[in-house]
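Heads up, the thing below is written out as structure tokens.
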Amino acid sequence: MIRRLFLSRLAQFAAAPLVVAGGSVLDAQGQAVHKSLKIMMKSAWGSDDPTKAAFPFLHGLALAEAGHEVQFFLLGEAVGLMRKTLANAVTPVGWPPVGETLDKLAARHISIYACGTCSRARGVTEADLSNYGAKFGNPTIFVSLVEWADRVITE
């Protein structure tokens with residue numbers, strides 16, 4: 001009886017994913033396993049620092065292209081980037097204008113929430129948000145995104 005239990009446990013262990021040096025996860029056949037994550041990107045960087053403003057969008061796009069589910073929450077100066085004219089004018093060092101990256105995110109239907117209070121204070125309108133399929137956010141939406149996410153990345 002004990003032997004049978006031991007062998008059944010051993011068989012379960014052999015079929016389980018294996019973590020090897022470097023943190024890679026391998027399945028029973030030795031193939032790398034890709035775990036899709038839910039990632040919330042949070043940013044308050046705006047046009048005052050174009051490179052820092054671009055990173056959350058560039059990294060979020062790269063994560064989405066790698067198969068992860070990504071959503072954004074913008075606050076402070078970052079909400080101004082929902083204005084197409086401003087997004088197209090903000091060009092980080094070595095990268096395309098933020099507007100080009102936002103267009104790619106919108107084409108992938110990636111959710112972007114812009115803090116409603118921050119947006120109203122900066123004159124960002126619903127028409128501005130619609131350029132990228134974005135919506136006004138609020139503290140309740142912020143909390144729901146944090147609870148939804150496997151990872152929260154603040155840049």
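The values are calculated or read from the model by the stated rules, or taken from the named source; none is laboratory data. Worth saying up front: this structure is predicted, and the values here are computed from it rather than measured. Positions of Cβ are backbone-derived with ideal geometry, glycine not excepted, and every protein chain shown enters the neighbour counts. Please note that ligands, DNA and RNA were not included when accessible areas were found on the heavy atoms of the full protein model with its side chains. Shrake-Rupley method; radii C 1.70, N 1.55, O 1.52, S 1.80 Å.
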For D128, all conditions in the list (1) more than 13 Å from I39 (Cα to Cα); (2) open to solvent by 40 Å² or more (accessible area, probe 1.4 Å); (3) charged (D, E, K, R) hold save one; what is the number of the exception?
(2)
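Matching residues to (1) in contact with a helix residue (DSSP H, G or I) (Cβ under 6 Å, 6 or more places away or on another chain); (2) of a type in the set (A, V, I, L, M):
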site	(1), (2)
G30	no, no
V33	no, yes
G46	yes, no
L86	yes, yes
D103	no, no
A107	no, yes
I'd like the full set of residues that are over 11 Å from the mean Cα position of the chain (by Cα) and among the hydrophobic types (A, V, I, L, M, F, W, C), limited to segment 67-83.
L74, L75, A78, V79, L81, M82
Just for segment 135-151: of the residues that are of a type in the set (A, V, I, L, M, F, W, C) and part of a helix (DSSP H, G or I), which one is least open to solvent (accessible area, probe 1.4 Å)?
L145
Within segment 38-55, restricting attention to residues that are open to solvent by less than 10 Å² (accessible area, probe 1.4 Å) and either in contact (Cβ under 8 Å) with a residue 60 or more places away in the chain or in contact with an Asp or Glu (Cβ under 6 Å, 6 or more places away or on another chain) (or both), which residue is farthest from A87 (Cα to Cα)?
I39
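Working carefully through the options R108, R120, find the one that is more than 19 Å from the chain's Cα centre (by Cα) and within 23 Å of F136 (Cβ to Cβ). Steps first, please.
Numbers: R108 fails: more than 19 Å from the chain's Cα centre (by Cα).
So the residue among R108, R120 that is more than 19 Å from the chain's Cα centre (by Cα) and within 23 Å of F136 (Cβ to Cβ) is R120.
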Of the criteria (1) open to solvent by less than 40 Å² (accessible area, probe 1.4 Å); (2) on the phi > 0 side of the Ramachandran plot, which one G123 fails
(1)
